[in-house]
1. Only Cα pairs within less than 10 Å get springs; with that Gaussian network setup on the chain, which residue of GLY176, GLY253, GLY323 has the largest fluctuation?
2. How much net charge surrounds ILE143 when only the other residues with a Cβ under 13 Å from the Cβ of ILE143 are counted, with Lys and Arg +1 and Asp and Glu -1?
3. Among GLU111, GLU405, GLU148, which one shows the biggest mean-square fluctuation in a GNM of the chain, springs joining Cα atoms closer than 10 Å?
4. List the residues, sorted by chain then number, that are 5 or more residues from ILE31 or on another chain and whose placed amide H is less than 5 Å from its amide H.
5. What is the list of residues in segment 112-136 whose amide nitrogen lies under 18 Å from a point 7 angstrom out from the Cα of LEU188, following Cα to Cβ?
6. Taking every DSSP beta bridge that has both residues in the chain, what percent is antiparallel when rounded to the nearest 5?
7. Using amide H atoms built 1.01 Å from N in the peptide plane, name the residues 5+ places from LEU96, or on other chains, whose amide H lies under 5 Å from its own.
8. May I ask you to give the solvent-accessible area per residue for the chain, in square angstrom, as obtained with a 1.4 angstrom probe?
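The values are calculated or read from the model by the stated rules, or taken from the named source; none is laboratory data. Computed from a predicted structure; not experimentally measured. Here the Cβ positions follow ideal geometry from the backbone for every residue, glycine too, while neighbour counts run over all protein chains shown. These accessible areas exclude ligands, DNA and RNA; they are computed on the full protein's heavy atoms, side chains included. Shrake-Rupley method; radii C 1.70, N 1.55, O 1.52, S 1.80 Å.
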Amino acid sequence: MTNRVVVGAQWGDEGKAKITDLLAQKADLIIRYQGGCNAGHTVVANNKTFKFHLIPSGILYKGKMCFIGAGTVILPEAFETEVKELIADGVDVSGLKINPLASITMPYHTEIDGYSESTATKGKIGTTKKGIGPTYTDKMGRIGLKIEDLYSQDALSEKLDIILPLKNKMLKEVYGLEPYSKECLLALCEKYAEIFKPYVCFDWQTVLEDAKRDGKAVLFEGAQGVMLDVDYGTYPFVTSSNPIGGGAATGSGYGPTMIDEVIGVAKAYVTRVGEGPFVTELKDETGDKIREIGHEFGVTTGRPRRCGWFDAVTMKYSVLVGGLTSLALTKIDVFDSFDEIKLCTAYKDTRNGNIYKHYPTDVFIHKYLEPVYETHKGWTEDITKIKEYDKLPENAKKYLARLEELLEIPISIVSVGPDREQTIFK
Ligand code: GDP
Ligand code: IMO
Ligand code: MG
């Protein structure tokens, strides 16, 4: 059995959920390892569109165990809504489990996120306002609440006594927000305990041990993307977790020795939501055309996504730090009506003419960089019904071969449409 990680290789929204759903067919256990409801994951199957935020995209197959891992942060109300919607859609959620070590997003986390975003002038990140940054901040600061605390009176009471004086001082004096009483938070936690109760897997160690012993196939599902990784992304314009392949080792409950393959998902172009550098961004009609054909609007916030040409400089970096072993290239069909397609192979520094072949991690110099492009001929035909690699137009195959050459990694999957069926396994 092969254990695989699905990683976003760009700035998120690469089509990870489509690939996770496909690979979940062959997995027994699917574990979402980081992030929270900042994620917006779309699966199109059986003429229906499903949108996930926290729940693993493998849930559509009956009988699969789907874990929300310890590395995630969970906004209780968002979880409750998502589960209800899936049940209303007739999805069987009996395989859904939550690792009790996952962190809880409290109301003050979303308030602080909202406040920071709305008052920031310089340094605005353009977050999803789901409380992600403040929840991970408290986790790392060792003042966070975990799902298991909801079922331990001692843990909850003792932790709140530590957290509240600090948190209230900050809420009042730094953010000008209302403080919380212990009674109020205890009542909230009681409600949360009820919401999560059917899904919390207290014997997760046994479950994971058994799955390992029985040679079950594990699929690790990442959210966001390598360029949004808190350690390796375009910091500070990133999310607050580790979407890279290594994140699966810390956020799932299994270690790195359980991972056989890391599949990076990338679009045939690049998109980004929110602020931050983006060297190949197109602020012209070509960018608008990509957005329109690719329906590039955020699943979680509805914001228009910034669009640009494929960037082999960041992708090569992504292959390295993401630990990618192969690539799933999605949305290549978006180029069906394009006469020409550009591909960025290097950056040029407009101040001195220096050429960067490797990704410069100081994002504050990105404003001086311009992309060095090579231009490829388009195929100008509909490829959305093609099922075999050999049947792809010659120019499409040339473009894919060039990507493999530049990135030094094989493309294992080519996606030519949003539906499960519109996929070519190479
Ligand atoms: P994720 O966050 O990485 O799972 O991606 P999103 O769901 O946010 O965005 C990807 C969008 O592209 C969704 O609307 C998918 O249905 C759609 N999509 C995925 N693969 C393809 C593809 O190959 N072609 C086209 N045209 N759309 C795709
Ligand atoms: P999926 O899993 C695209 C971006 C936000 C913002 C930055 C920080 O669907 O690919 P956060 O709310 O995480 O503190 O915001 O990260 N961002 C995403 N962009 N896809 C996502 O998820 C994202 N999740 C967060 O727009 O720039
Ligand atoms: Mg998304």
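1. Among GLY176, GLY253, GLY323, the largest mean-square fluctuation in the Gaussian network model of the chain belongs to GLY176.
2. Working: positive: LYS139, ARG142, LYS146, LYS159, LYS167, LYS169; negative: ASP138, ASP149, GLU158, ASP161.
Result for the local shell: +2.
3. Answer for the Gaussian network model of the chain: GLU405.
4. It is PHE67, LEU219, PHE220, GLU221, by chain and number.
5. Residues passing the 18 Å test: 112-117, 129-136.
6. Taking every DSSP beta bridge with both residues in the chain, the antiparallel ones total about 45 percent.
7. CYS66
8. Value for the chain: 43 Å² per residue.
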